[in-house]
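This report refers to the structure that appears directly beneath it.
The values are calculated or read from the model by the stated rules, or taken from the named source; none is laboratory data. Just so you know, these numbers come straight off a predicted model, no measurement behind them. Here the Cβ positions follow ideal geometry from the backbone for every residue, glycine too, while neighbour counts run over all protein chains shown.
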Amino acid sequence: MKNEVLIDVKHLTHLFQLTKKMKVRAVDDVSFQIRKGEIFGLVGESGSGKSTVARCLMNIYQPTKGEIWYHDVNVCDKKEARKNKKMLQTRRQMIFQDSASSLNQKMKVADIIAEPMKIQHVTPKRGSFRKEAAFQMEYVGLDESFLDRYPSELSGGQRQRVAIARSLSMEPEFLAADEPIASLDVSIQAQIVNLFRHLQQEHGFTFLFIAHDLAMVEYLCDRVGVMYHGKLVEMADAEELFANPVHPYTQTLLSAIPVPDPIRERKRVLRTYDGEELENSEWTEITPGHFVLLPHSESGKGVQS
Amino acid sequence: MEQLLEVKNLSVSIDGLAGEVQVVRDVSFSLKKGEVLAIVGESGCGKSMLCKSVMKLLPPSARITNGSISVCGQDITGYREKEMQNLRGKTFSMIFQDPMTALNPTIKIGKQIAEAVIIHNKKSSKEEVYQKVLELMELVGITHPKERYHQYPWQFSGGMRQRCVMAIALAADPDILFADEPTTALDVTIQAQILDLLREIQMKLGTATILVSHDLGVVARVADRVAVMYAGKIVEIGTAEEVYYDPRHPYTWGLMKSLPAFARGKESLYTIPGMPPTLINPPKGDAYACRNEYALNIDYEEMPPMFQITDTHYAATWLLDPRAPKIESPIGGRKH
């Protein structure tokens, strides 16, 4: 089951038009696959195009070029997307970074969680919308007393859980989580990450997990893609990537992970990467499942250790 | 060495609608010249409030109910706003969490830094101010200061903006720099650069720094000493080595265990059960007791005093009482 491809992104490119002549290449020729039941991590610094990829996957942006296949539907094709609108909207859900701004301040938690079901005209399985909402709340580890509260009355971690409960209410098979833990405390981050783990292992959810906290990515994700300036520069299984990073930018990122150990931490040397040689590079598979964007001259040389 | 800042038994309360909120409870610590003290804790534990009460930037409804703050041996607890204004900038200045909201988006960066320079040195000429601004921009690592002088905050990336905020904070050579979660809004690579910059500046200028953070991993790189705060109190304080390799308070254990670095290969991350208590009516006894798996009966009854472990290492937990059962620390002790 693990090898079945759920999402296939082919040569995705997205340009933002700034002025008549200026364009920003937010995502530049990115290809990757997300398999069923895995957590795919996307890392990179801010402005590297991670969120744009997620938004293209969710049909929030219409990509300039490229294809995104979800099962056998090309979601970039407007006609096809419209034909399968209901399927796409119920099976894919997104969790946004800032739960304070992605939840309606004027709605109670119960209504927020039930809203997707009302929009999609889904009959609640458990009798009423409220019962359904209570069930989802329990699922993410909040009790029923929160149902009648407003988002402003909740703490950051609780709010993020409500956002997750809302996305789960449609019982999707794919969740795109755009930096879901970036603004939370360490101990609450751990709660949310445990919840994701649980959802994946017990219920077979597929995740796209976007983050810049590499320590969490290493812990949570099965496969990881590294983005830099709109390009995917390296992709591999999490273990392989963290043990054996090849691209200089990946090495830079890994060297920046903080270690809770003062003596080792002070000795740690930061690497820098200035993005040279990004042009004229080729997407090369150096070991099975480990892809790197290598300059033309170097590709074929194999792994340097 | 001379104590630059000394806070003794400080308590701060805010009068809210639901009653008096005790945001800082009986906090004592000191800061030496050229030292980096990190304050770590969950959100809402009073870290920011502690910094703000030292700088007297508290909201009008807040008041200092007990204790004293002294800077260079001088008691500033009773200082009025006007006297505090003379101290702010020169004696202590602050770097805020979000560089976007700390800068004015409609004013050029150079001018914003110049403003801080002029306020502290009213007699200097235009040329002197300009030179000082360029100097400051170079100090915090902004390249091409002459061109960047004329740019607006939105033309800067997050890391560069944070550097500008630091330049403003350093305009009058402060003795103490408060950095309130300076890297939370930044991503990993930039975070490390900013932390290195903090360290570098502290080496160059001898500025003492109080670094507020919620992440023990981040703090390890720069801190000389670490204070762990919980529910308005400092529960453990010691040098970085002592706190990381020999933590004594169960809350410090919890914070450390919830880092993914300690969960490699484990099924799930450790989470501290429950929620931090509200500080309107703080629980009797140890505020951490109800979340603490090692809690003793006395924890629910009486507040633990600060137990001394070494000259510099203190922790407030009954586990350190000679009568308490011996409990092996679940973490730490991995000295290299």
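Figures for the structure shown
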| read-out | value |
| --- | --- |
| Matching residues in the stretch B:239-253 - criterion: being closer than 23 Å to residue B:276 by Cα and more than 7 Å from chain A (Cβ to nearest Cβ) | B:243, B:247, B:248, B:249, B:250, B:251, B:252, B:253 |
| Entirely in the stretch B:122-169, the helices (runs of 4 or more DSSP H) that have 3 or more residues that are touching a residue at least 12 places away in the same chain (Cβ under 8 Å) and among the hydrophobic types (A, V, I, L, M, F, W, C) | B:126-139, B:158-169 |
| Positions within the stretch B:294-324 being closer than 17 Å to residue B:226 by Cβ and loosely packed, with under 12 Cβ neighbours inside 10 Å, in sequence order | B:308, B:310, B:311 |
| Residues (closer than 19 Å to residue B:192 by Cβ and among the β-branched types (Val, Ile, Thr)) located in the stretch B:126-172 | B:140, B:142, B:143, B:165 |
| Residues of the stretch A:9-34 satisfying the condition of being crowded, with 18+ Cβ neighbours inside 10 Å and either more than 14 Å from the chain's Cα centre (by Cα) or under 17 Å from residue A:88 (Cα atoms) (or both) | A:9, A:12, A:14, A:26, A:27, A:28, A:30, A:34 |
| Tally, over the stretch A:42-80, of residues that are away from chain B (no Cβ under 14 Å), among the polar types (S, T, N, Q) and either closer than 17 Å to residue A:92 by Cα or without any contact (Cβ under 8 Å) to a residue 24 or more places away in the chain (or both) | 4 |
| Helices (runs of 4 or more DSSP H) contained entirely in the stretch A:108-177, each with at least 1 residues that are farther than 23 Å from residue A:202 by Cα, in contact (Cβ under 8 Å) with a residue 40 or more places away in the chain and among the acidic types (Asp, Glu) | A:109-119 |
| The one condition in (1) at the interface with chain A (Cβ under 9 Å from one of its Cβ atoms); (2) part of a strand (DSSP E or B) that residue B:192 fails to fulfil | (2) |
| In the stretch B:269-285, the residues that are at the interface with another protein chain (Cβ under 8 Å from one of its Cβ atoms) and either surrounded by fewer than 15 Cβ atoms within 10 Å (Cβ to Cβ) or within 24 Å of the chain's Cα centre (by Cα) (or both) | B:271, B:272, B:275 |
| Helices (runs of 4 or more DSSP H) fully within the stretch A:1-92 counting 2 or more residues that are over 30 Å from residue A:198 (Cβ atoms) and not basic (Lys, Arg) | A:78-83 |
| From A:97, A:93, residue being within 14 Å of another protein chain (Cβ to nearest Cβ), within 23 Å of residue A:26 (Cβ to Cβ) and surrounded by 12 or more Cβ atoms within 10 Å (Cβ to Cβ) | A:97 |
| Criterion: under 14 Å from residue A:287 (Cα atoms) and either touching a residue at least 12 places away in the same chain (Cβ under 8 Å) or out of contact with any helix residue (DSSP H, G or I) (no Cβ under 6 Å at 6 or more places or on another chain) (or both) - qualifying residue of A:236, A:215, A:256 | A:236 |
| First in the stretch B:296-310 and at positive phi, second anywhere and surrounded by 15 or more Cβ atoms within 10 Å (Cβ to Cβ) and at pLDDT below 90, Cβ under 6 Å, 6 or more apart | none |
| Test: residue in the stretch B:197-206 that is under 19 Å from the mean Cα position of the chain (by Cα) and closer than 30 Å to residue A:98 by Cα | yes |
| Test: residue B:37 is more than 14 Å from chain A (Cβ to nearest Cβ), in contact (Cβ under 8 Å) with a residue 12 or more places away in the chain and crowded, with 18+ Cβ neighbours inside 10 Å | no |
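Yes/no per residue for (1) at pLDDT below 90; (2) not polar (S, T, N, Q):
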| position | (1), (2) |
| --- | --- |
| A:189 | yes, no |
| A:209 | no, yes |
| A:238 | no, yes |
| A:244 | no, no |
| A:260 | yes, yes |
